[in-house]
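Colleague: Pasting a structure here, questions to come.
The values are calculated or read from the model by the stated rules, or taken from the named source; none is laboratory data. Nothing here was measured: the structure is a model prediction, and the numbers come from that model. Quick reminder, even Gly has a Cβ in these numbers, built from the backbone with ideal geometry, and neighbours come from all protein chains shown.
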Amino acid sequence: MQNNVHRHSKVAIVGTGMVGMSYAYALTIKGLVREIGLINRTPERAEGEAMDLSHCLPFVKPVDIHAGGYEMCKDAQIVIIAAGANQKQGETRLDLAKRNVKIVEDIVPRILEHNPSPILLMVSNPVDILTYVALKVSGLPPERVISSGTVLDTMRFRYLLSRFYSIDSRNVHGYVIGEHGDSEVLVWSRVNIAGISLMDWCQACSKAIYPKKKEIEEDVRKAAYHIIEKKEATYYAIALAMNRITEAVFMNQQSVLTVGTLMQGEYGIKDVCLSLPCVVGSGGISHVFSNPLAEDEERALRDSARVLREGLDSVAY
């Protein structure tokens with residue numbers, strides 16, 4: 001496994017709203033890339049963001065920050081699609097589908113006009129449906145059209161477990177799979193803390209998680225709704241989730257992340273995009289894990305896939 005950054009690592013971001021710019025800001029601070037291109041339907045917005053972000057440069061590693069049209073995508077190893085209508089209070093991610101599908105259908109060909117083989121990283125919601133649309137419109141290999149998926153949901157799950165047990169969240173391992181949304185599946189059967197199964201950990205510390213399971217599941221699934229209710233949008237945590245995926249690509253880390261990808265028979269599921277643990281490196285996704293799940297978890301995953309297929313059917317995909 002190589003662990004080097006591209007000589008000239010570049011990211012292009014389509015959509016300079018709060019999500020796109022929180023990602024760009026975190027990217028700048030972390031020093032992951034040498035060039036960032038900003039694209040927005042209102043060019044003046046992208047120009048202003050590029051100017052503001054450029055004023056950070058005396059405090060961070062060197063990076064070139066530019067605003068422009070889709071020519072910004074040229075030579076970018078990763079193109080982020082963060083454009084689209086925002087989720088409104090009381091609106092599910094799937095409610096956004098019809099509005100945002102048309103935007104993706106317009107954006108993707110413009111990207112490919114200047115860059116025929118990028119890794120497309122989708123973050124606009126409903127991200128699973130839009131990832132499938134981008135895959136079909138682009139004609140790119142499935143391993144190069146991925147989404148932020150349930151990376152953030154997985155982090156929320158680990159964070160809540162870490163709070164319950166008063167343990168560093170980096171030592172908590174567990175995954176959320178399926179839709180990035182209401183039908184997502186928390187994989188309790190695979191949770192471990194520092195390599196110790198959740199059941200054994202509960203016995204060792206005399207603190208059972210199971211009375212809190214429903215509360216934690218609800219907190220993970222409804223986190224975005226609660227945040228939107230209080231501050232209208234979510235952007236900080238998803239920006240760091242996207243940075244984590246970007247790091248795995250540019251550093252060729254072969255990291256296991258719950259990104260979204262096309263299902264090609266995993267658990268008997270085909271022709272939808274959803275999240276499973278995937279190995280992510282410089283070429284995108286190199287492996288999708290489909291290890292045995294508990295019976296109820298596998299059933300819930302298939303139900304999640306059915307929800308997404310119904311969503312795709314509703315937008316004629």
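Colleague: What is the number of the single condition among (1) touching a Ser or Thr at 6+ places or on another chain (Cβ under 9 Å); (2) touching a residue at least 24 places away in the same chain (Cβ under 8 Å); (3) closer than 22 Å to Gly90 by Cβ that Glu229 does not meet?
Modeller: Status for Glu229: all satisfied but (1).
Colleague: Going by the conditions given, is Asp303 under 23 Å from Val101 (Cα atoms) and of a type in the set (D, E, K, R)?
Modeller: It is true that Asp303 is under 23 Å from Val101 (Cα atoms) and of a type in the set (D, E, K, R).
Colleague: Got a sec? Which of Gly15, Gly31, Gly37 is in contact with a Lys or Arg (Cβ under 9 Å, 6 or more places away or on another chain), exposed (fewer than 15 other Cβ atoms within 10 Å of the Cβ) and outside the structural domain of Lys231 (by TED's automatic domain parsing)?
Modeller: Gly31
Colleague: Report the residue count in the range 290-317 for those that are of a type outside the set (A, V, I, L, M, F, W, C), surrounded by 13 or more Cβ atoms within 10 Å (Cβ to Cβ) and either closer than 19 Å to Val127 by Cβ or not assigned by TED's automatic domain parsing to the domain that holds Val272 (or both).
Modeller: Residues flagged as of a type outside the set (A, V, I, L, M, F, W, C), surrounded by 13 or more Cβ atoms within 10 Å (Cβ to Cβ) and either closer than 19 Å to Val127 by Cβ or not assigned by TED's automatic domain parsing to the domain that holds Val272 (or both) within the range 290-317 amount to 7.
Colleague: Any residue in the range 186-196 that is polar (S, T, N, Q) and in contact with a strand residue (DSSP E or B) (Cβ under 8 Å, 6 or more places away or on another chain)?
Modeller: yes
Colleague: Let me ask another. Checking the conditions here, which among Gly139, Gly149, Gly84 is without any contact (Cβ under 8 Å) to a residue 12 or more places away in the chain and at positive phi?
Modeller: Gly139
Colleague: If you don't mind, there's one more thing I want to ask. Any chance the range 142-154 includes a residue that's of a type in the set (Asp, Glu), modelled with pLDDT of 95 or more and part of a helix (DSSP H, G or I)?
Modeller: yes
Colleague: A follow-up question, please. Give the residue that is farthest from Arg156 (Cα to Cα), with candidates limited to residues of the range 191-218 that are of a type in the set (A, V, I, L, M, F, W, C) and part of a loop (DSSP other than H, G, I, E, B).
Modeller: Within the range 191-218, the match that is farthest from Arg156 (Cα to Cα) is Ala208.
Colleague: Just checking, does the range 241-258 include any residue being surrounded by fewer than 18 Cβ atoms within 10 Å (Cβ to Cβ), assigned to a helix (DSSP H, G or I), aromatic (Phe, Trp, Tyr) and in contact (Cβ under 8 Å) with a residue 12 or more places away in the chain?
Modeller: no
Colleague: Then there's this: When you go through Leu27, Leu96, Leu38, Leu53 one by one, which is the residue that is modelled with pLDDT under 95 and touching a helix residue (DSSP H, G or I) at 6+ places or on another chain (Cβ under 9 Å)?
Modeller: Within the list Leu27, Leu96, Leu38, Leu53, the selection yields Leu96.
Colleague: Could you please give the count of residues in the range 264-277 that are surrounded by fewer than 23 Cβ atoms within 10 Å (Cβ to Cβ) and within 17 Å of Arg144 (Cβ to Cβ)?
Modeller: Qualifying residue count for the region: 1.
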